[in-house]
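One structure below.
Only the coordinates and a few stated rules stand behind these numbers; no lab work does. Please read all numbers here as calculations on a predicted model, not as lab measurements. A quick note on method: Cβ atoms are made from the backbone with ideal geometry, for glycine too, and the neighbour counts reach across all protein chains shown.
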Amino acid sequence: MNTFTSVKQLGDLKKALEAAKYVTANPFADKALGQDKTVLLVFFNNSLRTRLSTQKAALNLGMNVMVLDVNQGAWKLETARGVVMDGDKSEHLLEAIPVMGSYADIIGVRSFARFESREDDYNEVILNQFIKYSGKPVFSMEAAIRHPLQTFADLITIEQYRQKARPKVVMTWAPHPKALPQAVPNSFAEGMSMTDFDFVIANPEGYDLAPEFTKGIRVTHNQDEALEGADFVYAKNWASYEHYGQVLSKDMNWTVTKQKMALTNDAFFLHCLPVRRNMIVSDEVIESPRSLVIPEAANRVVSAQTVLKMLLQDL
Ligand code: CP
């Protein structure tokens with residue numbers, strides 16, 4: 001593997017989950033693999049879990065880690081070609097990327113959707129420039145339309161907790177005050193398409209995800225109907241794809257509450273975090289024994305370490 005931008009690049013999911021299980025049981029077994037190798041983590045956006053879990057994963061593999069927060073302490077970067085750079089941006093990404101590539105063996109990039117242009121976001125303009133110009137293996141730490149390390153952690157978590165071969169998994173939209181990217185739900189849908197689970201997406205009208213991510217997946221605008229008999233409930237907000245980047249609804253009837261969870265088969269609750277309590281999910285649901293948000297976040301180390309291992313093995 002020399003890039004990781006989609007969970008589908010894991011290939012055989014059963015083998016990837018076996019590899020993750022090995023990493024969970026033997027976190028320090030591959031310390032020699034990363035010796036004298038440097039990973040550079042480049043953040044265009046804020047992060048808690050991705051920042052810490054990816055560093056921890058790299059340290060477990062014996063790697064050196066460098067972190068660059070592009071918007072704090074680095075030169076402000078121009079990203080578009082052809083711009084007369086007479087404003088506040090001192091450096092162009094097209095020089096910055098190969099320079100970063102010269103300092104690192106592997107590069108991780110976090111670059112969210114900017115909601116300025118659906119076309120630019122869905123073409124992953126920033127991430128693809130890193131792939132094209134860095135000369136080094138690049139992995140996504142959440143880009144404009146996918147968050148594969150999160151999805152891999154979600155798949156690992158479901159594997160650890162599922163009590164039947166074919167659980168019912170419901171991903172439900174829930175309200176949020178701000179416009180959030182579609183990266184997590186797109187990626188989760190992609191991950192579910194690698195399984196034979198009974199997967200349903202529930203979202204209000206106007207919030208259907210891009211057709212490329214929902215092909216063959218059951219989508220309903222009736223949350224209660226979707227939650228009936230669910231074994232896992234994955235809550236997430238996202239902004240509209242159709243009316244790109246817009247917040248069309250803050251309907252609190254979509255908040256995942258105890259009453260909503262009563263419709264399920266005593267489902268486990270999942271969310272990638274950070275989460276807005278009592279918007280997305282009630283206090284009592286997220287604090288309940290069926291909430292997996294902490295083990296799910298802990299599995300971000302396993303997810304990142306398994307992927308970094310694959311990238312190191314192919315250097
Ligand atoms: N879930 C996730 O990616 O969290 P951070 O934004 O804190 O990294």
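Over the C-alpha atoms of the stretch 142-217, the Rg to Rh ratio, Rh being the Kirkwood estimate, stands at 0.96. When the listed pairs 31/236; 14/178; 215/236; 8/76; 56/215; 15/250 are checked against a 31 Å cut-off, the alpha-carbon distance exceeds it for 31/236; 14/178; 8/76; 56/215; 15/250.
Alpha-carbon geometry of the chain: the Rg and the Dmax are 19.5, 60 Å, given in that order. Modelled spin-label separation between residue 266 and residue 283, with each label point placed 7 Å from Cα along the Cα-to-Cβ direction: 2.6 nm.
Overall shape of the stretch 248-304 was characterised from the C-alpha gyration tensor. The equivalent ellipsoid obtained from it has semi-axes of 21, 15, 9 Å, in decreasing order.
Put simply, when 283-289, 144-150 are sorted by average Cβ atoms within 10 angstrom per residue, most first, you get 144-150, 283-289.
Would you mind getting the Kirkwood hydrodynamic radius of the stretch 75-149 from its Cα pairs, rounded to one decimal in Å?
Values: mean 1/r = 0.0769 Å⁻¹.
Result for the stretch 75-149 stands at 13.0 Å.
Note on the chain: dipole from Cβ charges, positive end direction compared against 111, 42, 17; the farthest Cα belongs to 17.
What size of dipole, in debye to the nearest 20, comes out for the chain about its Cα centre when the only charges are +1 on Lys and Arg C-beta atoms and -1 on Asp and Glu C-beta atoms? If you can, show how the numbers build up before the last one.
On the way: 34 positive and 37 negative charges, 138 e Å.
Dipole magnitude for the chain comes out near 660 debye.
Have a look at 72, 160, 223 and tell me which one the Gaussian network model of the chain (Cα, springs below 10 Å) gives the largest fluctuation. Among 72, 160, 223, the largest GNM mean-square fluctuation belongs to 72.
Could you grab the relative contact order for the chain? Cα pairs under 8 Å, six or more apart, rounded to a whole percent.
That works out to 20 percent.
Legend: helices of the chain (whole DSSP H runs) are marked when their alpha-carbon atoms reach 24 angstrom or more along the helix axis and their mean Kyte-Doolittle hydropathy is at least 0.5; marked are 293-313. Over all pairs of different C-alpha atoms in the stretch 150-296, the reciprocal of the mean inverse distance, the Kirkwood hydrodynamic radius, equals 14.9 Å.
GNM remark for the chain: springs join alpha carbons under 10 Å apart, and the peak mean-square fluctuation among 74, 202, 58 falls on 74. GNM remark for the chain: springs join alpha carbons under 10 Å apart, and the peak mean-square fluctuation among 61, 155, 263 falls on 263.
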